[in-house]
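Structure record follows, encoded as structure tokens.
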Amino acid sequence: MSTLSAPHTPPRTRVVAPLLLVILGICGMTAIWTMLALIVDRQCAWVAALTAADIALLLRLARAAPGLPRAATTVVATLATIVLANWVIAAVQVGGPMGLGLTDSVQRLGTDYAQTLLGLANQPAELAWYAVAVIIALWLGR
């Protein structure tokens, strides 16, 4: 008698799908956050908490292995979205009135100028939302 075994999924597909969904989540939440911030003319830091929940959900849907690696991935993706969204918001708010498009604004915003703008835009309340988002990412990502 021969025993039949279930087909074994190669480890590569267990990494590729979650990675693609994380990248999609980062880009999607950055776009949503930027549009919302530009519409209401505020930083909208509370979106960081939604981002953490979204990334955690995407990783669970991709069936990423639970534990510390998934939690760390959720935290890193949340932090990346926070940085990217803040960068794009600052770039668009500066470049838009000068007639620059999104890509031109993002490319021309220097790190020193961005740091100054983000320091002015992110008050203690926004920083608290970012800390809450990291905690949510760690908790839901586990």
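Please treat every number below as a calculation from the coordinates, not as lab data. Note that the coordinates shown come from a computational prediction; the quantities given were computed from them, not determined experimentally.
How big is Rg to Rh over the chain, alpha-carbon atoms, Rh as the Kirkwood inverse-mean-distance radius?
1.12
Taking only Cα atoms, what is the 0 to 90° angle, nearest 10, from helix 47-61's long axis to the longest principal axis of the chain?
Roughly 20 degrees, rounded to the nearest 10.
Any chance you could give the angle, 0 to 90 degrees and rounded to 10, that helix 68-95 forms with the longest Cα principal axis of the chain?
30 degrees
Throw me the Rg/Rh for region 40-123, computed over C-alpha atoms with Kirkwood Rh, two decimals.
Over the Cα atoms of region 40-123, Rg/Rh equals 1.08.
Would you mind checking the tilt of helix 124-141 against the longest principal axis of the Cα atoms of the chain, expressed as 0 to 90 degrees and rounded to 10?
Relative to the chain, helix 124-141 is tipped by roughly 10 degrees.
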